[in-house]
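*Asks:* Right, I'll just put the structure down here and ask away after.
The values are calculated or read from the model by the stated rules, or taken from the named source; none is laboratory data. For clarity, every value in this text was computed on a predicted model and none was experimentally measured. Cβ placement follows ideal geometry from the backbone for every residue including glycine, while neighbour counts extend to all protein chains displayed.
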Amino acid sequence: MATWALATTSFARINVVTLPDRDTVQLTIYNSADLTMVKETRHLTFRKGLNKLEFSWANTLIDPTSVEFHALTHADQVDTLDVRFPPRVTNTLEWHINSEVAGEVVCEIRYFTSGIIWSADYVAEADKAEKLMALAGNVRVTNYSGEDYENAQVRLVVGVIRLVEEIATLARPSERDGKDRDENGLDQSAGLKRKEREMKKGVDKLELQDAVHAEAPAEIIKEGVSEYFLYTVDGRDTIPTGWSKRLPSFQTNDVPIVSYYKFEKEQWDDKVIRFYKFTNDKPSHLGVEPLPDGDVKAFRVVTRDQLFNFVGATSVKYIPIGESVELELGEDREVMVQPTLMDWQKTNIHFDQWGGVDGWIIKETWQFAVQNSKAIDVILDIRRNFDGDWELKSDATYEKVDKTKVKFVRPLKPHAKELFSYELTTRYGTNVTK
Amino acid sequence: MSALCRQPRQVAAAKAVTSHRTPKRVRRLLLHLCARQVSVFSVSLWLIFSAGCATAPNPAHAHGAKTLFESTARNYHFPSAVATGTERERLLNQAATGYERVLRQYPDQDDWCAKSLRSLANVRATQGRLDEAIQLYARVAEQHPRQDWEILQSWKSAADLLWEAGRRADAQKFYRRIVTRFDQPNPAAMVKLIVHIAQMRLQ
């Protein structure tokens, strides 16, 4: 566990002082790599002259090469003169710090560690009519870094920072053996360090933006192929090593949703699948930040006294601001679609000069029985896929999605049953016209 | 007769590749495979795999080395920092024994051996055996040239010990090594600080 100790020199005597707990800890966790930047501050009492400050990374996944010390107050009067590796212990460094002030100095230590990961999850609660929902976001932080982080502020880098994939190896020297050299045996660790610096620059830029636009909505940083967003989880919490903590990140009510039901034989066989669609934008009471990828559990109010029914679960990818997302929530047996082949004919058969069949036309008549057993209006989206030279006739309204797909969108009243049909003509061989 | 036996040149080449490791074992296996009519392709695959395994560190050793190193540090080296008198000397001797065991039992574990060698040097330095400690620190780079962080710590420790002992010229040799090897563009924060300090000591 990382420990600190302050030793002050007074002639030949050395007094080792146990330091107070961290005042603040900030964890910036990178989603796309097992890497976390830790910034901690402490109020240290320095003597005028030489002060010794110990930092140990024993039994942790801290990358010792990344450790930095800065004085945040009296910065021009506090200098790091030397850093030593005291032989009496292992995995410990000792800063020799010259202070021109006697008294309290606020200090910051920064370093990278691995072993801290996060995942997001959401709970969607739709109203009875499936027109609005409450959306709550949570972040689960899991710490197996070997270090306890008390009262930590958690920030997540959502999105992709380029060149981060290999960074995780930095904090794990034992796993790094042999991997930081290329096929020619040349050292690649400098390259990895460069990437670590690039990441730090990215975070610094985001922090500067936070500072300048403290009240203004944060913006997404775009650099090259990178697009990332610094997402701060409200509040602080203690995350001991070996533990997971689920932290609430946001709660929004009255998010408009479009609920609809899809039927597509090729995708879901005979099942009707329920979808909720919403947009990550301001009119939807969202749009403050991109939403990280995560699992979604959806519920729906079923009674007046706010009893909820589990609707389904799915996972969503990263949702940028302004983008819409469809939540595929699984089968709903209260909406039924039953296609039936009513007629099939093979006509216009054409023969070649040797008597072989080289052209024909297939005519199919399909009838669809659709039923809504729910007490609310639903929108049913039925999709059919056709190959080759086809032609469709139907009294029902349909829309061509692409060359091989059409969709019938049928609004259904509560407890409604309906029938509709279409006639499909498909030409083959010499009968093909297009 | 199998394809393997009909192509003696390829077999000879394969044997030449592996003969510096376990020639008898390979020869016996090749004969066995020949009798079983195994294809050249299969044998080639096995030889490639076998050669790879021969050079790769044993994963079981990694766990053993880690356990031994950490228990040595936890049970003897760390407690020695607060012990006094004969108890301190006993703990330091046991720590040295533990680190030496890592070096002896797990020579294929480059990183744990580098750590153990540096820690052994730390023990000797704490015991006041300066020249022995300096030799051990120097051996880290000689025997584990890929362990940059351990090398940097070792050279810095050696340099600082010599500097404090008044052997400035000897210390500067180590500071110079640090600058030569680690003064690279875009260094990590700690490396940058140590290189800067070494440069100051060379002025």
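*Asks:* Of all residues being within 14 Å of chain B (Cβ to nearest Cβ) and in contact with a Gly (Cβ under 7 Å, 6 or more places away or on another chain) in region A:41-61, which is modelled with the lowest pLDDT? Just the residue, please.
*Replies:* Step by step, filter region A:41-61, then rank; the result is A:59.
*Asks:* Next question, about the same structure. Keeping to region A:92-109, report how many residues are in contact with a Pro (Cβ under 8 Å, 6 or more places away or on another chain) and crowded, with 20+ Cβ neighbours inside 10 Å.
*Replies:* So the count comes out to 2.
*Asks:* For region A:316-338, give me the residue count where each residue is closer than 17 Å to residue A:257 by Cα and without any contact (Cβ under 8 Å) to a residue 60 or more places away in the chain.
*Replies:* 9
*Asks:* Pairs please, first residue from region A:34-62 and at positive phi, second anywhere and part of a loop (DSSP other than H, G, I, E, B), Cβ atoms under 7 Å, 6+ apart in sequence or on different chains.
*Replies:* A:59/A:1; A:59/A:146
*Asks:* Quick one: would you say residue A:297 is surrounded by fewer than 20 Cβ atoms within 10 Å (Cβ to Cβ), touching an Asp or Glu at 6+ places or on another chain (Cβ under 6 Å) and in contact (Cβ under 8 Å) with a residue 12 or more places away in the chain?
*Replies:* Taking the combined requirement at face value, the residue does not satisfy it.
*Asks:* Return the residues of region A:300-315 that are in contact (Cβ under 8 Å) with a residue 24 or more places away in the chain and charged (D, E, K, R); say none if nothing qualifies.
*Replies:* Of everything in region A:300-315, just one residue is in contact (Cβ under 8 Å) with a residue 24 or more places away in the chain and charged (D, E, K, R), namely A:300.
*Asks:* Can I ask one more? Could you list, in sequence order, the residues of region A:62-94 that are facing chain B (nearest Cβ under 9 Å) and aliphatic (A, V, I, L, M)?
*Replies:* A:67, A:81, A:83, A:89, A:93
*Asks:* Restricting to region A:345-375, name every residue that is under 14 Å from residue A:430 (Cβ atoms) and assigned to a strand (DSSP E or B).
*Replies:* A:347, A:348, A:349, A:350, A:351, A:357, A:358, A:359, A:360, A:361
*Asks:* Could I ask something else about it? Suppose we keep only residues that are more than 12 Å from every other protein chain (Cβ to nearest Cβ) and among the aliphatic types (A, V, I, L, M) within region B:141-168. Which one would you say is nearest to residue B:183 (Cα to Cα)?
*Replies:* Of everything passing the filter in region B:141-168, B:141 is nearest to residue B:183 (Cα to Cα).
*Asks:* Okay, moving on. Write out, first by first residue and then by second, each pair whose Cβ atoms fall under 7 Å of each other, whose residues are 6+ apart or on separate chains, and whose first residue, in region B:167-182, is among the polar types (S, T, N, Q) while the second is exposed (fewer than 15 other Cβ atoms within 10 Å of the Cβ).
*Replies:* B:172/B:202
*Asks:* Considering B:134, B:194, which residue is within 17 Å of residue A:91 (Cα to Cα) and either modelled with pLDDT under 95 or aliphatic (A, V, I, L, M) (or both)?
*Replies:* Step by step, each of B:134, B:194 is checked, and only B:194 is within 17 Å of residue A:91 (Cα to Cα) and either modelled with pLDDT under 95 or aliphatic (A, V, I, L, M) (or both).
*Asks:* OK, next. Could you give me the residue pairs with C-beta distances under 6 Å whose first residue belongs to region A:398-427 and is over 12 Å from residue A:386 (Cβ atoms), whose second residue is among the small types (Gly, Ala, Ser) wherever it lies, and which are 6+ apart or on separate chains?
*Replies:* A:408/A:396; A:414/A:375; A:419/A:369; A:420/A:396
*Asks:* Here are B:172, B:127: which of them is polar (S, T, N, Q) and within 22 Å of residue A:90 (Cβ to Cβ)?
*Replies:* B:127
*Asks:* Something else: Test residue B:173 against the stated conditions and say whether it is under 24 Å from the mean Cα position of the chain (by Cα) and either more than 13 Å from chain A (Cβ to nearest Cβ) or of a type in the set (Ser, Thr, Tyr) (or both).
*Replies:* Yes; evaluated as a whole, the condition is true for this residue.
*Asks:* So if I check each of A:389, A:358, which one is touching an Asp or Glu at 6+ places or on another chain (Cβ under 6 Å), farther than 18 Å from residue A:264 by Cα and surrounded by 14 or more Cβ atoms within 10 Å (Cβ to Cβ)?
*Replies:* Every option except A:358 fails the conditions.
*Asks:* Inside region A:33-82, can you point out the residues that are aliphatic (A, V, I, L, M), closer than 26 Å to residue B:91 by Cα and surrounded by 21 or more Cβ atoms within 10 Å (Cβ to Cβ)?
*Replies:* A:53
*Asks:* Within region B:178-192, how many residues are crowded, with 20+ Cβ neighbours inside 10 Å and either more than 11 Å from every other protein chain (Cβ to nearest Cβ) or within 18 Å of residue B:158 (Cβ to Cβ) (or both)?
*Replies:* Residues in region B:178-192 being crowded, with 20+ Cβ neighbours inside 10 Å and either more than 11 Å from every other protein chain (Cβ to nearest Cβ) or within 18 Å of residue B:158 (Cβ to Cβ) (or both): 4 in total.
*Asks:* Of B:92, B:117, B:68, which residue is under 23 Å from residue B:139 (Cα atoms), at pLDDT 95 or above, surrounded by 18 or more Cβ atoms within 10 Å (Cβ to Cβ) and away from every other protein chain (no Cβ under 13 Å)?
*Replies:* Within the list B:92, B:117, B:68, the selection yields B:68.
*Asks:* Looking at (1) in contact with a Phe, Trp or Tyr (Cβ under 6 Å, 6 or more places away or on another chain); (2) under 13 Å from residue A:99 (Cα atoms), which one does residue A:63 not meet, given that it meets all the others?
*Replies:* Here residue A:63 clears every test but (2).
*Asks:* Do we find a residue being closer than 22 Å to residue A:261 by Cα and either at pLDDT 95 or above or within 37 Å of the chain's Cα centre (by Cα) (or both) anywhere in region A:346-364?
*Replies:* No, because not a single residue in region A:346-364 is closer than 22 Å to residue A:261 by Cα and either at pLDDT 95 or above or within 37 Å of the chain's Cα centre (by Cα) (or both).
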